[in-house]
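Here the structure comes first, spelled out in structure tokens, and everything after it is commentary.
Each reported figure results from applying straightforward, stated rules to the coordinates on display, with no laboratory input. In this text, all values refer to a predicted model and were calculated from it rather than measured experimentally. When we count neighbours, we look across all protein chains shown, and the Cβ atoms used for this are built from the backbone with ideal geometry, even at glycine.
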Amino acid sequence: MSKFTIQPHGRLNDWVADEKGYFAEEGLDYFLNVEASYKTVEMLPEAKSKSLIKDNLHGAFERYAEGGGRKGTAENAGDVSCACHWTVNQSAKLETGIMYGKAYSICESAIVVPGDSDVKTPEQLKNIDVAVGYHSGSHYSAQQALEIFLKPEEIKLKFVGTSWSRVDAALAEQIPALNVWGPQLYLMEQKGFRRIVPTTFIMAFMFTKEADPEDVEKYMRGLIRAQTDIDSEPEKYKKFFLTEIPDRYLEEVDVRLFGNGERVVPQYYTKDMFERTQKWMHDRELFDVGIDEGIPYKLAVHN
């Protein structure tokens, strides 16, 4: 039987559990795929050339569809991976993969602007491009947060690809605002960017239909054990952010000043949460299919 492949997601838990031997102690025969981490994201070409940025309509949802529950088609894409709960919810409903229902994570995120921007309040983002990733957490969370302050027609989302692509574009002064999370948020703040509105959201876990559910449970137990270490002594483990940051930014950040990033929460992603999220997405017609397409919670989510 092949090793259980873990696809990192920019958080500390995977690296802490690996270093401290928690996955091994749980009996998990695994492979932590460094090559699938965010460190490998290449610089946005338009940021290099200072050319017009076209909308990139390919995000986490599309990657799951391509990978059949794996996040992408690259070699050694994970048997388990993570994305925002909106995308994992819809992907599981369409039977792309299986959503894990006994834990999720909370991801600190925010819409930020350059320090010298005239934008001071969320209302001032009216008709201003906010860079997000299509069908990814930054997309849904920006819309959810801005709906409190703006009319739907006043919200302007610019689809700029990955979280690091948005960083590239912002530092090249090509976008006026961006929604970023975790390491990208902390980096932007060190670069003088200011938070305009918080967009903190839920991340969820997706595993393939071929994955052994027992391996998934071993993996999750390892993550939760690691969370205790991170909560109690975060300064020991922030070094692992360096494993997720592209080399082009390593000399420009001090990870000792970062927050703790994603926090794994051992709480159920309930049927009510699943169905409310479905309604929210389909009320806004975020997908080409209707709310009746796919399977119900009890089949889409592993509890």
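Data table
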{"quantity": "Sum of -39500 (n - 2.57) over DSSP H runs of 4+, divided by residues of the chain (222 nm, nearest 500)", "calculated": "-9000 deg cm²/dmol"}
{"quantity": "Relative counts (whole %) of C-alpha pair distances in the chain, using bins that are 20 Å wide", "calculated": "34, 60, 6"}
{"quantity": "Kirkwood hydrodynamic radius of segment 168-303, Cα pairs, Å", "calculated": "18.3"}
{"quantity": "Projected-area mean, segment 225-294, by convex hull of Cα positions, square nanometres", "calculated": "8.0"}
{"quantity": "DSSP-assigned coil residues among trypsin sites (Lys or Arg not before Pro) in segment 231-303, each with at most 15 further Cβ atoms within 10 Å", "calculated": "Arg284"}
{"quantity": "Top of Ala131, Ala74, Ala110 by mean-square fluctuation, Gaussian network on the chain, Cα under 10 Å", "calculated": "Ala74"}
{"quantity": "Distant-in-sequence amide H partners of Phe31 (H built 1.01 Å from N, under 5 Å)", "calculated": "Phe4, Thr5, Ile6"}
{"quantity": "Distance from segment 102-143 to segment 63-92 (C-alpha centre basis), Å", "calculated": "23"}
{"quantity": "Peptides ranked, highest mean first, by Cβ atoms within 10 Å: ranges 38-44, 150-156", "calculated": "38-44, 150-156"}
{"quantity": "Over 24 Å between alpha carbons, listed pairs Lys39/Lys120; Lys54/Lys120; Lys54/Lys156; Lys3/Lys71", "calculated": "Lys39/Lys120; Lys54/Lys120"}
{"quantity": "Over segment 1-115: Kirkwood hydrodynamic radius from C-alpha pairwise inverse distances, Å", "calculated": "16.3"}
{"quantity": "Highest-fluctuation residue, Ser51, Ser105, Ser138 considered, GNM on the chain with Cα pairs under 10 Å", "calculated": "Ser51"}
{"quantity": "Most mobile of Ile111, Ile98, Ile128 in a GNM of the chain (Cα contacts under 10 Å)", "calculated": "Ile128"}
{"quantity": "For Cys82, residues with placed amide H under 5 Å, excluding near neighbours", "calculated": "Met206"}
{"quantity": "Of all DSSP beta bridges in segment 4-302, antiparallel share, percent nearest 5", "calculated": "65"}
{"quantity": "Filtered GluC sites (Glu not before Pro), segment 211-303: DSSP coil and at most 16 other beta carbons within 10 Å", "calculated": "Glu285, Glu293"}
{"quantity": "Segment 69-213: C-alpha pair distances exceeding 18 Å, %", "calculated": "57"}
{"quantity": "Semi-axis lengths, Å, segment 188-256, gyration tensor of Cα atoms, sqrt of 5 times eigenvalues", "calculated": "29, 17, 15"}
